[in-house]
Every structure is written in C-alpha cells, then in structure tokens.
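A short write-up of the structure that comes next.
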Amino acid sequence: MNDKENILRPAYAEWMHWTGVVIERLSTCVQIYSNPPHKDVFLPQIGRQFKTSQTVDLLRHIFTLADSQTPVALSVQADHAQHDDQIIGSLISPLTDVLRRLPELSGDMQKLLKSPWQDKCNGRLANELFRGPNGIEAEGIGSGYTADGRLPQKLQDLLEREQMGDTRPLRIATEAEMGLEPHRHDDEVSRRWGEKNSRSLRSAGRVD
C-alpha cells in the first residue's frame, strides 16, 4: 500500500486554526517593530520600518484570504470540498513565506524584547509570543526554526501533510469532533484579529 494513501491532508478547521495563530503572532511582531518596549535596544530605523511594512503586507494578505470566506450554505459535500481546497490552496504560499521568515522575526523579537525564546521570557508579551498563550507552546514562535519545535514545526507539518496527503477529512465530521459549528471558527478569527489590530494596520510603516 502506498504511504501517501495512509496520510490525511489537514482538515479545513485545522488550517483555519493555524492561520488564526499566525495572524495573532504576526500582529504582535508588527506592534513590537512599531513600538519597541526598550528604547536602549538599537535596531536601525530604516531597517525596522522596512520590516514593519513587510510584515504588515504579509499579515494583510493572510487576513484577507482568511476573511474572504462567505458563510453560505453549501448543499453537498462536494461543494464543501471544493470551497475548502480553494481557500487552503490560496494560503499555502503565504504560510510558506511565514515559515521562511520566522527565524529572522524571532531573532528581532528576542533583541527588541530583551528576551530568550526557550523559557524564562522577559514579561508576559515575550512569553506569549515565544511560548504561546496560556501555556500552549505549539502556538509560540520559539526560535523561528522548525528544528526547535513550536509554531514553525506545526506549520512545516501542516504544509507537508497537505503536499503528501491524499484525502481530506469531511468538513462536518471534523467540526463535530472539534466541537465547532460550521464557520464559527472563521468568524472568530476575523473578529479577534480586527478588534486587536485595526490600529496597527492604519499605522503600518510608521515607526516612532
């Protein structure tokens, strides 16, 4: 039996979950680039401004894709599958870009926050960024390298299973197993991100 036949592609809800996590971690990076908490930490203003704009552009792109779904009633499973594949297909490239940029992002954040990434982080913001919120380490950016686990490893695993897998779990069954109602997780990603980050986007590229 082919190994590929034994690998499921990630469920739609799983893609939406990790996309939401990426949005939240990138939003924190934008806020730190824009307003570094430690004024004695030097990062050239031009470079910081460029990195702020670059990260905001990537963040906007991912958010637009995640927010582009309309909660329509899809009558048959084939419609769900086609819809899900289209959304997921559009997210592969930007999330691959995030994975590529995470080592540099983590390095800059460690410097700007004066914090290690492994443990004993310097304050709540650093702890949540590097080690994840509420102790969920898989949602923290860690060192930015996949070899060190956490969010980089999760993204790599997500992308590899998407490439290697054969079939995707049925949307309705997956949502029921995860305790989610259809489209509830999509709306929540949009709402939380919009509430937390509208000001960051309005001030994109402006560095104090």
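None of the figures in this text is laboratory data; all of them are computed from the coordinates on show. Quick caveat: nothing in here was measured; it's all calculated off a predicted structure. Backbone-built Cβ (ideal geometry, glycine too); neighbour counts: all protein chains shown.
Some observations on this one:
- Between Lys111 and His38, the simple label model (points 7 Å from Cα in the Cβ direction) yields a spacing of 1.2 nm.
- Distance between the modelled labels on Ser53 and Ser90, one decimal in nanometres: 2.6 nm (7 Å Cα→Cβ projection).
- Neighbour counts of other Cβ atoms within 10 Å put Met164, Met16 in the fewest-to-most order Met164, Met16.
- The label-point distance for Thr167 and Arg100, in a model that sets each label 7 Å from Cα toward Cβ, rounds to 3.4 nm.
- Once the Cβ-Cβ distance of Gln45 and Glu160 is raised to the sixth power relative to R0 = 30 Å, the FRET efficiency obtained is 0.20.
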